[in-house]
Amino acid sequence: MNKKLFWLGLNRVNGIGPVRFQALLNYFGDAQSAWEAPPEFLKASGLSEKIIQNMIQVRASVDLVALWDKLEAENIQVITLEDDKYPRRLKDIAQPPPLLFLRGEITVQDEWAVAIVGTRKVTPYGQDVAEEVARFLANNKVTVVSGLARGVDSIAHTAALKAGGRTIGVLGSGVDEIYPPENRGLANQIIENGSIISNYPLGTKPEAGNFPPRNRIIAGISIAVVIVEAGKKSGALITANFANEQGRDVYAVPGKIHSSQSMGPNQLIKDGAHPLLRPEDLIDALDLVMVTEKQTARQVLPADATEAALYSVLGFEPLHIDDIGRQAEMPIEKVSATLALMELKGMVRQVGGMHYVSIREANGEYQTNGE
């Protein structure tokens with residue numbers, strides 16, 4: 001049985017967001033058990049009567065197998081928190097979306113991504129800046145993330161594509177409901193050179209309440225967020241707030257003090273955001289000079305028996321570096337140096353407090369070169 005079917009089912013239940021989804025997984029152990037649980041068990045897990053009724057209704061009305069067939073027919077991938085392909089930076093935020101719908105591909109390069117967002121009513125100044133920053137990032141192998149909206153978002157996506165770079169569009173609707181409709185052509189270009197992502201089920205319309213969670217994903221998937229132009233109250237500022245909460249750097253493009261489109265960025269700078277005076281500021285501040293080298297390293301397999309031994313010790317449960325050294329029977333200095341290189345390669349990840357987990361490839365475990 002395809003386990004992702006039950007993730008799909010839970011994702012369609014109104015009232016089950018990231019927090020309740022994770023609570024269900026913790027209580028029942030897996031998505032299938034939660035999906036198939038009788039009402040009294042669902043109530044014991046903490047769900048309200050209203051959400052339980054919503055789930056019962058979805059279970060009765062949705063054919064999960066037919067839904068999966070539709071996704072496959074339309075080349076839409078489903079990525080859950082349990083998948084290695086799930087964006088690493090997004091997985092590390094508090095309460096990440098349990099699953100994502102994806103058109104296109106996520107690659108190693110996308111771990112180095114910067115969001116460019118702003119107003120739909122962009123000025124010529126804002127357009128020039130958005131194009132310049134997106135083009136600069138693309139030329140430096142940094143993926144450009146935005147929301148596929150009119151104005152700054154569309155300009156950033158387009159400039160990245162024209163520069164031969166990668167770009168990711170995060171939607172506040174289903175990946176089959178491109179909004180605004182005039183961006184369908186742009187969306188198709190993005191799919192060929194990046195990806196379109198949403199945490200909303202197919203058929204979800206672009207309703208106003210969907211966009212703050214969309215903005216949270218934009219920030220979470222990125223190293224930093226650049227606000228080009230935005231009014232005092234705008235989705236771009238919501239994205240900046242999420243970025244601050246997630247520990248991401250926020251850059252704002254300063255503008256004329258009497259321009260309504262520059263009120264948002266100017267206020268952000270006053271509140272402590274980095275003023276973006278030139279695109280190179282991003283490379284210097286975020287240590288992105290070595291992006292190409294890091295991306296190359298990520299694709300290298302274990303180079304020797306030391307890396308292979310450490311990798312064999314690690315699993316999906318965090319293990320402290322001291323325990324890794326004891327189990328591998330290696331001095332801690334050697335373990336520390338090797339793990340640092342393996343993290344660059346994308347073979348392991350530090351999850352805090354000097355604890356490490358392994359990252360497995362989709363087609364199996366790594367093998368030592370020559371074996």
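The values are calculated or read from the model by the stated rules, or taken from the named source; none is laboratory data. All values derive from a computational prediction rather than experimental measurement. Here Cβ is always computed from backbone atoms with ideal geometry, including for glycine, and neighbour counts include all displayed protein chains.
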* Give the number of residues within the range 19-40 that are surrounded by fewer than 15 Cβ atoms within 10 Å (Cβ to Cβ) and over 22 Å from the mean Cα position of the chain (by Cα). => 8
* Search the range 110-121 for residues that are in contact (Cβ under 8 Å) with a residue 12 or more places away in the chain and pair each with any residue that is outside any strand (DSSP E or B) and acidic (Asp, Glu) when their beta-carbon atoms are under 9 Å apart and the residues are at least 6 apart or on different chains. => 116/153; 117/153; 118/153; 118/229; 119/229; 120/153; 121/229
* Filter result for residue 284 (modelled with pLDDT under 85 and surrounded by fewer than 18 Cβ atoms within 10 Å (Cβ to Cβ)) -> yes
* Asked: Inside the range 62-78, can you point out the residues that are hydrophobic (A, V, I, L, M, F, W, C) and touching a residue at least 24 places away in the same chain (Cβ under 8 Å)?
  -> 62, 64, 65, 67, 68, 71, 76, 78
* To do: State all residues of the range 94-139 that are in a loop (DSSP other than H, G, I, E, B) and under 30 Å from residue 6 (Cβ atoms); if no residue qualifies, say none.
  => 94, 95, 96, 97, 98, 105, 106, 107
* Asked: If residue 148 satisfies every condition in (1) buried (at least 24 other Cβ atoms within 10 Å of the Cβ); (2) not aromatic (Phe, Trp, Tyr); (3) not in a loop (DSSP other than H, G, I, E, B) but one, which is the exception?
  -> (3)
* Asked: What number of residues within the range 342-371 are over 16 Å from residue 91 (Cβ atoms), out of contact with any Phe, Trp or Tyr (no Cβ under 8 Å at 6 or more places or on another chain) and modelled with pLDDT of 80 or more?
  -> 1
* Residue selected from the range 257-267 under the condition out of contact with any Pro (no Cβ under 9 Å at 6 or more places or on another chain) and in contact (Cβ under 8 Å) with a residue 12 or more places away in the chain, by the criterion farthest from residue 154 (Cα to Cα) -> 267
* Structure fact -> From the option list 16, 79, 52, single residue qualifying as outside the structural domain of residue 143 (by TED's automatic domain parsing), β-branched (Val, Ile, Thr) and assigned to a loop (DSSP other than H, G, I, E, B) is 16
* Structure fact -> Restricting attention to the range 91-126, the residues that are surrounded by fewer than 21 Cβ atoms within 10 Å (Cβ to Cβ), of a type in the set (A, V, I, L, M) and touching a strand residue (DSSP E or B) at 6+ places or on another chain (Cβ under 9 Å) number exactly 0
* To do: Could you please give the count of residues in the range 56-76 that are outside any helix (DSSP H, G or I) and of a type in the set (Val, Ile, Thr)?
  => 2
* To do: Name the one entry in 159, 240, 130 that is under 16 Å from the mean Cα position of the chain (by Cα) and either within 25 Å of residue 283 (Cα to Cα) or assigned by TED's automatic domain parsing to the domain that holds residue 14 (or both).
  => 240
* Residues located in the range 251-262, provided they are at pLDDT 95 or above and not hydroxyl-bearing (Ser, Thr, Tyr) -> 252, 253, 254
* Asked: Which of the residues that make up the range 234-255 are closer than 18 Å to residue 126 by Cα and touching a residue at least 24 places away in the same chain (Cβ under 8 Å)?
  -> 234, 235, 236, 237, 239, 240, 250, 251, 252, 253, 255
* Structure fact -> Result of the Cβ filter at 9 Å on the range 180-205, keeping first residues that are without any contact (Cβ under 8 Å) to a residue 60 or more places away in the chain and partners that are acidic (Asp, Glu), at least 6 apart or interchain, is 183/153; 203/176; 203/177; 204/176; 204/177; 205/177
